[in-house]
Amino acid sequence: SGKTLAYLLPIVHRLQSLLAKPTRSDGTYALILAPTRELCSQIYDVLARLAKPFIWLVPGCISGGERRKSEKARLRKGVTMLVATPGRLLDHLKSTEAFRRDHLQFVVLDEVDRLMDMGFEKQVKDILGLLALEQPKGGQVSAHASTGKIQTTLVSATVTAAVRSLLN
């Protein structure tokens, strides 16, 4: 959809234009969080089509209901752009040591209002907290990143009290 393209196009454009092309061993540069498996799958399909001309940009998808072992193997090999559901992502952030995200530049929370309505507020905050703790300290910046900060985008149809709380 247009909303999905509105955040995926700039991410793909930025990553494909890096002077040092991302490699699988660099890990994840972009993370898109969605509330349901179905939405993850739809976003992944759009992302895969966008990234097709850029063979060094590897899209991936992890969500509940999939085999955790095969997801872990994909993360170990390296996924440049990852679409995930909150529960499964949090699980991998805490327990999959091979899941590299030290080059992470983009985090998108798609349908953040639904994420909050469906009870994922604590998981989303835990994810954002873990990612913030992993950011480079003291000006240490990766060779691929232009800054040591993560650009976070929240996409929402409505701005509820829970969404405001997350923004704060």
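Structure notes:
- Hey, LEU131 surrounded by 16 or more Cβ atoms within 10 Å (Cβ to Cβ), at pLDDT 80 or above, in a helix (DSSP H, G or I) and in contact with a Lys or Arg (Cβ under 8 Å, 6 or more places away or on another chain) or not: yes
- Number of residues in segment 72-116 that are within 18 Å of SER165 (Cα to Cα) and either in contact with a Ser or Thr (Cβ under 6 Å, 6 or more places away or on another chain) or basic (Lys, Arg) (or both) equals 5.
- Test: residue in segment 56-66 that is open to solvent by 10 Å² or more (accessible area, probe 1.4 Å), out of contact with any Cys (no Cβ under 6 Å at 6 or more places or on another chain) and within 21 Å of LYS149 (Cα to Cα): no
- Odd one out for GLY119 among (1) open to solvent by 20 Å² or more (accessible area, probe 1.4 Å); (2) farther than 26 Å from THR160 by Cα; (3) in a loop (DSSP other than H, G, I, E, B): (2)
- Residues that are in contact (Cβ under 8 Å) with a residue 60 or more places away in the chain and among the basic types (Lys, Arg), drawn from segment 1-38: LYS3, ARG14
The values are calculated or read from the model by the stated rules, or taken from the named source; none is laboratory data. Nothing here was measured: the structure is a model prediction, and the numbers come from that model. Quick reminder, even Gly has a Cβ in these numbers, built from the backbone with ideal geometry, and neighbours come from all protein chains shown. Surface accessibility is based on the protein's heavy atoms, side chains included, excluding ligands, DNA and RNA. Shrake-Rupley method; radii C 1.70, N 1.55, O 1.52, S 1.80 Å.
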